[in-house]
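Where a number appears in this text, it was derived from the coordinates with a stated rule and is not lab data. Every value quoted in this text rests on a predicted model; they were computed, and no experiment measured them. Cβ coordinates were reconstructed from backbone atoms using ideal geometry, including for glycine residues, and neighbour counts include every protein chain displayed.
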């Protein structure tokens, strides 16, 4: 799933509540997102009696609950960048999303690319079974259920050896383990990136190395520009054929990097 804290160093992270205090905190959270109250809603209990929430992400409505990382509006930029990198005029492309969460980033990327082709296919992988349920539901709600294959499992195990993809979107956890207690509202597995915050990132890079087509692209989400430098150093220190081509910073919210296999 999409694996990042509410906002990097976000002071407005609070647990969901149904009382008046909770309503005030929700307003605070919405202001922190830069959204309006109409962008978010709750419905009666859904999966396992949990309160389902929803919010507008791009032009899609995305459902989730507290066991799934809440979509971050700034990551619409990741969807947009990914959609721009999808090949056009070459037939349907295959897109892989790692740590997909509720599926919002990959789904929006496909939706944004539909002006050029509505035949692209998405494989979305996440280890969280609840996230996978929501990803399937969100795909169906967006009218893309027939184009999206949601797979529950570890990123090293969910793909067959021969599968190859034109584009990979990776949203791994990138919070250093010692700092995860700063984000008590976020599911731990969705934000815990290990000692330096890059354990799952490195796993994603290894998967990309095996499954990205020559000339294909990766749009990877990280926490800081320092982590982007560490990724570049990691690639240089291994036999990786991928190159880090571009970094886009979004301040305290996070960083996106583009990598390419072979020809850029």
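Figures for the structure shown
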read-out	value
Residue within the stretch 213-229 that is free of Cβ contacts under 8 Å to residues at least 24 places away in the same chain and crowded, with 19+ Cβ neighbours inside 10 Å present	no
Residue under evaluation residue 49, criteria (1) in contact with a helix residue (DSSP H, G or I) (Cβ under 7 Å, 6 or more places away or on another chain); (2) free of Cβ contacts under 8 Å to residues at least 40 places away in the same chain; (3) at positive phi, criterion not met	(1)
Residue within the stretch 208-218 that is part of a strand (DSSP E or B) and within 14 Å of the chain's Cα centre (by Cα) present	yes
Filter result (over 23 Å from residue 166 (Cβ atoms), surrounded by 14 or more Cβ atoms within 10 Å (Cβ to Cβ) and within 20 Å of the chain's Cα centre (by Cα)) within the stretch 231-254	249, 250, 253, 254
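Per-residue answers, yes or no, for (1) in contact with a helix residue (DSSP H, G or I) (Cβ under 6 Å, 6 or more places away or on another chain); (2) farther than 20 Å from residue 207 by Cβ:
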residue	(1), (2)
54	no, yes
69	yes, no
92	no, yes
111	no, yes
120	yes, no
125	no, no
137	no, yes
141	no, yes
